[in-house]
Amino acid sequence: MMKLYLIDWLSLSLKLLHVIAGIAWIGASFYFNWLENKLNRVKNRDEIAGHLWAVHGGGFYYLEKYKKYPQALPEPLHWFKWEAYVTWISGILLLSVIYYFNASTYLLASDSSISSSYGILSSLLGMLIFWLIYDLLCKSQLVNKSSIFIGILFVVISLSAYLYSHLFNPRAVYMQIGAMIGTVMVANVFFVIIPVQKKLVAACENSTEVSKELGLMGYTRSRHNNYFTLPVLFMMISGHYPTIYSGDYGWLVLIAIVGILVMIRHYFNLRGVGKEKNSLIVLILLTIFALIYALAPIQNKSEYQEKVTISEVKAIVDTHCVGCHSKNPTDEVFVVAPAGFMLNTEEQIIASKTQIYQQAVLTNIMPLGNKTNMTEAERDKLRVWVEAE
Ligand code: HEC
């Protein structure tokens, strides 16, 4: 009891740290990407590639970008790396506290054939293997052929989503793919971008030449991270939207949304350098509408013709929900009502009918992992009740 209570605090602290570090990291990354796009390129100055004025927070700022490096190494020189590392470390810890610690409930699919330890292992291996494949691609000639490069990555991500959908529950599949791409982003910072910058600094100190490839290597990885950002952010918040992930083809929806978000990022990057491509907006909108249409709930005709009474509903909820969603839960894992959501009284049930409909009728997310073996007939009764209300 005490242990679970303290874990709740741990989870909350980690999530807050993760979100704060993530905002600092992605914020800086967006800002520098924006700088690159908006820089006034100058031709007539030897050392300077471009400059830019900005006004923010009640003051004017002026900034210059060097073509190579300044004559002497400036002090202090600011680096941007801890934001990325802290995001990843807190993310992995959070993944452990929420998904690994209770793998049979949170990670694995309810009909999964593997044990918790294999589930955790396959989750960690997925992150490692995805990085190895991506890194190999980046080091090959394919990195210069962007459509093939993107194509291969897309296939790898799709295949992973498909395979994990056989092992993990739908929500965990999204988290897993998000963690895999997020890991690649941080590994890019740690293994490539920061080492490239260290070489730049060394070249500046010794006034030696830097090869064009070196700078390009850092730039490419940083650009990839820019495209990965929106899909990762989406997957981190998707857990609150079962409509998206809980259908039979949740993994396919994931791929469609990754596609949409990469296109949106691409549109804004083109726009940033004055090359707006309106056909891309049309494609994005069409894909979004197609997705909304495809995911719309099917209006099943119910077997129950007669009215379902509130006391029948209460009996179902008592059997299948109140073990967890109660002022005093009896479940061995959840000692306080998850999400503060309680269904003890008829009033609470009536007030929560939309949520009940979302989680237990339109989707089968609740009861969690169908721990209480709720039947389709019972879900159907809830449907009739909510739709008649
Ligand atoms: C085994 C425990 C368990 C049972 C049984 C259970 N739930 Fe849940 N429920 C949870 C957990 C855990 C969460 C929080 C999920 C998360 O972290 O996003 C949750 C979240 C919810 C939420 C989302 C609340 C919010 O605002 O985010 C709703 C709605 C819900 N459950 C409804 C139900 C209904 C209806 C039933 C019965 C048909 C039910 N649950 C049975 C564990 C359970």
Item checked: Loop-resident sites, region 167-264, for GluC sites (Glu not before Pro), counting at most 11 other Cβ within 10 Å (DSSP) -> Glu209
Note to self: Tell me the net charge near Leu368. Cut-off is 12 Å between Cβ atoms, Leu368 excluded, with +1 for each Lys or Arg and -1 for each Asp or Glu.
What the structure shows: +1
Next item on the list: Considering the options Tyr164, Val322, Gly182, tell which one lies farthest towards the positive end of the dipole of the chain, charges being +1 on Lys and Arg and -1 on Asp and Glu at the Cβ, about the Cα centre.
Entry: Gly182
Margin query: Given R₀ = 51 Å, what would the calculated FRET efficiency be for Val210 paired with Phe101, taking r from the Cβ atoms and rounding to 0.05?
Written below: 0.65
Margin query: Can you compute the charge dipole magnitude of region 264-352 about its Cα centre, using +1 on each Lys and Arg Cβ and -1 on each Asp and Glu Cβ, nothing else charged? Give it in debye, rounded to the nearest 20.
Written below: 860 debye
Notebook entry, point to check: So what does Phe32 come to for accessible area, using a 1.4 Å probe and Å² rounded to 10?
Noted result: 90 Å²
Note to self: With the alpha-carbon atoms as the only input, what is the per residue convex hull volume for region 310-388 in Å³?
What the structure shows: 82 Å³
Check: By average Cβ neighbour count within 10 Å, what is the ranking of 238-245, 3-10 from highest down?
Finding: 238-245, 3-10
Item checked: Protein accessible area in region 310-388, 1.4 Å probe - carbon and sulfur % -> 56 percent
Notebook entry, point to check: In square angstrom, rounded to the nearest 10, how much accessible surface does Trp251 have for a 1.4 Å probe?
Noted result: 50 Å²
Margin query: Per residue, how large is the accessible surface of region 2-295? Use a 1.4 angstrom probe and give square angstrom.
Written below: 58 Å²
Next item on the list: Using the Cα centre as the reference, give the magnitude of the dipole from point charges on the C-beta atoms of the chain (Lys, Arg: +1; Asp, Glu: -1; all else neutral), rounded to the nearest 20 debye.
Entry: 1600 debye
Check: Going 7 Å from the Cα of Leu124 toward and past its Cβ, which residues in region 82-110 have a backbone nitrogen under 20 Å from where you end up?
Finding: 85-109
Check: GNM on the chain, C-alpha springs below 10 Å: top fluctuator among Glu276, Glu306, Glu75?
Finding: Glu75
Checklist line | Separation of alpha-carbon centers, region 242-256 and region 163-221, rounded to whole Å | finding: 28 Å
Item checked: Portion, in percent, of the accessible area of region 2-295 that falls on carbon or sulfur, probe 1.4 Å -> 68 percent
Notebook entry, point to check: Using a simple charge model, +1 on the beta-carbon of Lys and Arg, -1 on the beta-carbon of Asp and Glu, nothing else, what dipole does region 310-388 show about its Cα centre, in debye to the nearest 20?
Noted result: 120 debye
Margin query: Need one number: nm distance between label points at Leu6 and Phe190, each 7 Å from Cα along Cα→Cβ, rounded to one decimal.
Written below: 2.7 nm
Notebook entry, point to check: Once every DSSP H run of n ≥ 4 in the chain is given -39500 (n - 2.57) and the sum is divided by its residues, what mean residue ellipticity at 222 nm do you get, rounded to the nearest 500 deg cm²/dmol?
Noted result: -20000 deg cm²/dmol
Notebook entry, point to check: What's the local net charge at Arg41, with K and R +1, D and E -1, over the other residues with C-beta under 12 Å away?
Noted result: +3
Next item on the list: Take every Cα pair under 8 Å in region 2-295 that's 6+ residues apart, average their separations, divide by the length, and report that relative contact order as a whole percent.
Entry: 17 percent
Next item on the list: Please give the solvent-accessible surface of His320 in Å², to the nearest 10, using a probe radius of 1.4 Å with every protein chain present.
Entry: 20 Å²
Item checked: Candidates per GluC sites (Glu not before Pro) in region 1-98, loop by DSSP, up to 13 other Cβ within 10 Å -> Glu47
Item checked: Size of region 40-149 as Cα extents on the principal axes (Å, biggest first) -> 66, 42, 25
Item checked: DSSP-loop trypsin sites (Lys or Arg not before Pro) across region 212-276, with at most 13 other Cβ within 10 angstrom -> Lys275
Item checked: Subset of Lys212/Lys277; Lys15/Lys353; Lys307/Lys353; Lys199/Lys277; Lys15/Lys139; Lys67/Lys275 violating a 27 Å alpha-carbon distance limit -> Lys212/Lys277; Lys15/Lys353; Lys199/Lys277; Lys15/Lys139
Item checked: Relative contact order (%) - criterion: Cα under 8 Å, at least six apart; region: region 237-389 -> 23 percent
Note to self: Report the gain in length on full extension from Leu16 to Val42: 0.36 nm times residue separation, minus Cα-Cα distance, nm rounded to one decimal.
What the structure shows: 5.1 nm
Check: Between Asn364, Asn278, Asn226, which gets the highest mean-square fluctuation from a Gaussian network model of the chain, Cα cutoff 10 Å?
Finding: Asn278
Item checked: Spacing of the two label points (7 Å from each Cα toward its C-beta) at Leu136 and Gln348, in nm -> 5.3 nm
Next item on the list: Could you check the simple spin-label distance between Glu75 and Ile310, using points 7 Å along Cα→Cβ, in nm with one decimal?
Entry: 7.5 nm
Margin query: Using 0.36 nm times the number of residues separating Phe30 and His266, minus their current alpha carbon distance, what extension gain do you get?
Written below: 83.6 nm
Check: So which residue, out of Lys353, Lys81, Lys43, gets the largest mean-square fluctuation from a GNM of the chain using Cα contacts under 10 Å as springs?
Finding: Lys43
Item checked: Over 37 Å [Cα-Cα, the chain], rounded percent -> 35 percent
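The values are calculated or read from the model by the stated rules, or taken from the named source; none is laboratory data. On a predicted model such as this, the values are computed, not experimentally measured, just so you know. Positions of Cβ are generated from backbone atoms using ideal geometry, with glycine treated the same way; all protein chains shown enter the neighbour counts. Protein only, heavy atoms only, side chains kept; ligands, DNA and RNA dropped before computing areas. Shrake-Rupley method; radii C 1.70, N 1.55, O 1.52, S 1.80 Å.
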